[in-house]
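Presented below is the structure to which this report refers.
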Amino acid sequence: MSKLIMTLDGAVVKEYPIDKDSISIGRKHGNDIQLNDLTVSGRHALIVVMGEHTYVDDLGSTNGTLLNGARVAKTLIKPGDVIQIGNYQFTYFADDDTEYEPTMFIQAEVEDTQVMKMDNAPAEANKVIRGERLAGVKLMNGPMARKVLELRKPFNTIGFNGIKMAMIARNADNYTISALKSNKLRRANDIPMLNGKPISMEAVKLKENDLIELAGTQMQFFYFE
């Protein structure tokens, strides 16, 4: 049976089997998957099974539904695809035989255009530095290989299993990376690396094609054209 693995801030929250023709996702009661997230619409999206194919269908939500980082309406999904709704990510697996590690999920980033349904949201919450052109990181190995995370925010934390390991900052004329101190990192290979060398807490400028490694997962820094 196919399933969705839901993650929040890089940590696995829950596994949902796709055991009927459609699964509704949204903020209101009555959805099959209810999300307590102010950027999620009341009825936000559907996961629809039609024969051997599975689709994600945005229901005209305020902030949209992302599939592998791009906004979609009704679109076919494939194993390993990542659906983002608000702050949550759902990774699609085709059957129960597929193995996944709970540490393989990278933290979700909120789109800078998202609308918070509250009157007193801080003005800085959606601030984006426009000076430096947009960059991203592409996962190079593991089940999510070739997936891309856009680095839109002034501060983008990356890590696994809820542990923030490093921060990529978007500055006026460059991107920098620095390690984040954590007492949760136990293994030697948990130390974040840049081009094979440990990342310190002092910010280092990132260059095109730099290779970042977190807990055995490699990701390549690049600029969008």
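Condition test on ASN126, is it surrounded by 15 or more Cβ atoms within 10 Å (Cβ to Cβ), modelled with pLDDT under 80, of a type in the set (S, T, N, Q) and in contact with an Asp or Glu (Cβ under 9 Å, 6 or more places away or on another chain)? I'd like the intermediate steps shown before the answer.
Values: surrounded by 15 or more Cβ atoms within 10 Å (Cβ to Cβ): yes; modelled with pLDDT under 80: yes; of a type in the set (S, T, N, Q): yes; in contact with an Asp or Glu (Cβ under 9 Å, 6 or more places away or on another chain): yes.
Considered against the rule, which asks whether it is surrounded by 15 or more Cβ atoms within 10 Å (Cβ to Cβ), modelled with pLDDT under 80, of a type in the set (S, T, N, Q) and in contact with an Asp or Glu (Cβ under 9 Å, 6 or more places away or on another chain), ASN126 comes out as yes.
Only residues that are surrounded by fewer than 15 Cβ atoms within 10 Å (Cβ to Cβ), of a type in the set (A, V, I, L, M, F, W, C) and closer than 24 Å to LEU151 by Cβ: list them for region 47-81, please.
ALA70 - this is the single residue of region 47-81 that is surrounded by fewer than 15 Cβ atoms within 10 Å (Cβ to Cβ), of a type in the set (A, V, I, L, M, F, W, C) and closer than 24 Å to LEU151 by Cβ.
Testing THR54 on (1) within 20 Å of ASP95 (Cβ to Cβ); (2) modelled with pLDDT under 90; (3) of a type outside the set (A, V, I, L, M, F, W, C), one condition comes back false. Which one is that?
Only one criterion is unmet by THR54, namely (2).
In region 180-189, is there at least one residue being open to solvent by 20 Å² or more (accessible area, probe 1.4 Å) and modelled with pLDDT of 80 or more?
no
Consider region 82-106. How many of its residues are part of a loop (DSSP other than H, G, I, E, B), at pLDDT below 85 and open to solvent by less than 20 Å² (accessible area, probe 1.4 Å)?
Selection size over region 82-106: 2.
Of the numbered conditions (1) outside any loop (DSSP other than H, G, I, E, B); (2) of a type outside the set (Asp, Glu); (3) modelled with pLDDT under 80, THR113 satisfies every one except a single condition; which is it?
With respect to (1) outside any loop (DSSP other than H, G, I, E, B); (2) of a type outside the set (Asp, Glu); (3) modelled with pLDDT under 80, THR113 is out only on (1).
When you look at ILE25, is it at pLDDT 95 or above, buried (at least 19 other Cβ atoms within 10 Å of the Cβ) and either of a type in the set (Phe, Trp, Tyr) or farther than 30 Å from MET165 by Cβ (or both), yes or no? Before the answer, list the steps.
On the way: at pLDDT 95 or above: yes; buried (at least 19 other Cβ atoms within 10 Å of the Cβ): yes; either of a type in the set (Phe, Trp, Tyr) or farther than 30 Å from MET165 by Cβ (or both): no.
In short, no.
Of all residues in region 15-49, count the ones that are among the hydroxyl-bearing types (Ser, Thr, Tyr) and farther than 19 Å from GLY60 by Cβ.
Count: 1.
The values are calculated or read from the model by the stated rules, or taken from the named source; none is laboratory data. Because the structure is a prediction, the values reported are computed rather than measured. Note: ideal-geometry Cβ built from the backbone for every residue, glycine included; neighbour counts use all protein chains shown. Only protein heavy atoms, including side chains, enter the accessible area calculation; ligands, DNA and RNA are left aside. Shrake-Rupley method; radii C 1.70, N 1.55, O 1.52, S 1.80 Å.
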